[in-house]
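Structure first, then comments.
Read the figures in this text as sums done on the coordinates, not as results from a lab. All values derive from a computational prediction rather than experimental measurement. Every residue, glycine as well, gets a Cβ built from its backbone with ideal geometry; the counts of neighbours run over all protein chains shown.
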Amino acid sequence: MTELEALNTKIITCESCGLCKTRTNAVPGEGAENAEIMFVGEGPGYHEDQQGRPFIGAAGKFLDELLGSINLTRSDVYICNVVKCRPPSNRDPIPEEVDACRPFLLRQIELIDPRLIVTLGRFSLSWFFPRDSIGKVRGSLRQMGGRHYYHVYHPAAALHNGSLRQVILDDFAKIPLALEKLRESEPVEAAVAVSPSVEQGRLF
Ligand code: URA
């Protein structure tokens, strides 16, 4: 059993918060253990809870399309969520639930060690960058604590607001360039935008 599989076993049997009482299945995450890109969403919805797999509902279909638009499939990347169990009625996870799940996401990041973490939506963004607003940082590549992050709107946002569809596609279209930059291992400092109005650590 790999360390990631062992972690998944811990996740699916976890009883650290109240969500274990209402879940059908916990949703650890899936994809390549050596993925270069890790996508982090908010938490499972109805379909994910039913099947124990991330992003398999309507938002997931759009995520598949977004991945396809940059010539990737699910098996090239790793996909997971901030919380691993569905909050009832798809409400936002409460802080205790997020805190209970925190060690799991931290360990997933450590084990997969992705070159790039892509946050999907404001909830995931705020897990990493609590003070940031998605409208301001979407489409930007940043570094913090030795890791690189890229931010996009949640795919579900396009289901509610059709005009965001192209915005998300356009933001995804920049991911290959971001990866290329990171593969080349440019000294991060050299790429940081110098404008004082741009947050520290922002690469584009
Ligand atoms: N939305 C999420 O944030 N994650 C899922 O797995 C499904 C929908």
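Working from label points 7 Å from Cα in the Cα-to-Cβ sense, the Arg115 to Glu65 distance is 2.8 nm. Phi-derived couplings, Karplus 6.51 cos²θ - 1.76 cosθ + 1.60 at θ = phi - 60°, listed residue by residue for the stretch 15-25: 10, 7, 9, x, 5, 5, 7, 10, 6, 8, 9 Hz, with x used for Gly and Pro.
Distance between the 7 Å Cα→Cβ label points at Ser163 and Thr73: 3.7 nm. The modelled label-to-label distance for the pair Arg183/Thr2, using points 7 Å beyond Cα in the direction of Cβ, is 2.0 nm.
Counting beta carbons within 10 Å around each of Val167, Val77 and listing the fewest first gives the order Val167, Val77. In a DSSP loop and with at most 13 other Cβ atoms within 10 Å, the trypsin sites (Lys or Arg not before Pro) in the stretch 67-147 are Arg91, Arg131. Once the chain from Asn34 to Ser89 is taken as fully extended at 0.36 nm per residue, the excess over their C-alpha distance is 16.5 nm. Mean separation of Cα pairs under 8 Å and 6 or more residues apart, divided by the residue count, gives the stretch 3-185 a relative contact order of 24 percent.
With an a/c value of 1.5 or above and a/b not larger than b/c for the gyration tensor axes a ≥ b ≥ c computed over the alpha-carbon atoms, the stretch 27-73 is described as oblate. Charge dipole (Cα centre; +1 on Lys/Arg Cβ, -1 on Asp/Glu Cβ; no other charges) of the chain amounts to roughly 460 debye.
Each of Met1, Met38 was scored by other Cβ atoms within 10 Å of its Cβ. Arranged with the fewest first, they read Met1, Met38. Classification of the stretch 1-134 by its C-alpha gyration tensor yields a rounded form. The axis ratio a/c (a ≥ b ≥ c) stays under 1.5. Sequentially through the stretch 56-63, phi angles give Karplus couplings (6.51, -1.76, 1.60; θ = phi - 60°) of 10, x, 4, 5, x, 5, 5, 4 Hz, Gly and Pro residues having no value and appearing as x.
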